[in-house]
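Reading through the structure tokens given below for one structure.
The values are calculated or read from the model by the stated rules, or taken from the named source; none is laboratory data. Here the structure is a predicted model, which is why all the values come from computation and not from measurement. Glycine gets a Cβ as well: all are built from the backbone with ideal geometry, and neighbour counts include every protein chain shown.
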Amino acid sequence: MSAKLSEHTGEQVVKLEHLKKSFPDNPVLRDVNLTIPKGENAVIIGQSGIGKSVLIKCMVRLIEPDAGRIEILGHQVNSLEEEALNGLRKKIGFLFQGNALYDSMSVRENLEFPLVRNKMAGTKKQLERQVIQALDNVGLRQTIDMMPSELSGGMKKRIGLARTLILQPEIILYDEPTTGLDPITSKEISQLIIDLQRHYHTTSIIITHDISCVKITANTIHVLKDGSLYTSGTYNELKQSKDAWINNFFN
């Protein structure tokens, strides 16, 4: 059963207008227009190499777009100076496909790192409390003093998500959150995304090839084709589409 639409305020927290990005001899994003309301789980799908990951990296200028307008949380991202851009990025969590945990740090140290780096760490006791809360959110308090090498793939995903959540972002960008996981663990991660959305009222943008993840997490699905937004709809709307190209994703 697909995710129920969360309660939205009507506020659009992400607005992309005529976004374009090309690499040598490869125009990836040709003209993307997209809006996402506050509190929604927006899933972006499309064929491999279509530019889904490029799209979300352009949103936070990890990749500089060639043209177009990007507005996030009311800020014109294109025109922000570095200090203001970094301030905005603190409100946006990014769960990378490879989890991006530091192998030389324990789970505790991995979670403490973003708090210390962003000067959000209080006393030692407060720091401990924040780390434990983050681990409780993903059901892994017992891993606090383990090393990443001791964790399973699913556990690493959860710790990566805990580290993303510890800064209390308003928006979370998920890049292939279930890649490389077995079906049971993939379902658990997908359900966790829903649980955290409901608990923290976050807005999420999810890039995935996993149709089971799409079905569980999506409020709205946005389909990219040939460098632009082809169509949008709920899981059931797109699954019942008479468009043969759309049917390839759902059958």
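If you go through segment 179-203 and pick out every residue that is closer than 15 Å to residue 160 by Cα and either part of a helix (DSSP H, G or I) or out of contact with any Gly (no Cβ under 7 Å at 6 or more places or on another chain) (or both), you end up with 9. Can residue 131 be described as modelled with pLDDT under 95, crowded, with 22+ Cβ neighbours inside 10 Å, of a type in the set (A, V, I, L, M) and in a helix (DSSP H, G or I)? Spelling it out, residue 131 is indeed modelled with pLDDT under 95, crowded, with 22+ Cβ neighbours inside 10 Å, of a type in the set (A, V, I, L, M) and in a helix (DSSP H, G or I).
Taking the criterion of being closer than 16 Å to residue 117 by Cβ, touching a Pro at 6+ places or on another chain (Cβ under 9 Å) and surrounded by fewer than 14 Cβ atoms within 10 Å (Cβ to Cβ), the only residue of segment 59-103 that qualifies is 102. For segment 145-181, filtering for residues that are over 29 Å from residue 14 (Cα atoms) and touching a strand residue (DSSP E or B) at 6+ places or on another chain (Cβ under 9 Å) leaves 0.
Flag: residue 63 does not match the condition of being in contact with a strand residue (DSSP E or B) (Cβ under 6 Å, 6 or more places away or on another chain) and assigned to a loop (DSSP other than H, G, I, E, B). Cβ separations smaller than 7 Å between residues 6+ apart or across chains give no pair from segment 82-98 residues that are in contact (Cβ under 8 Å) with a residue 24 or more places away in the chain and over 18 Å from residue 159 (Cα atoms) to residues that are surrounded by 19 or more Cβ atoms within 10 Å (Cβ to Cβ) and among the polar types (S, T, N, Q).
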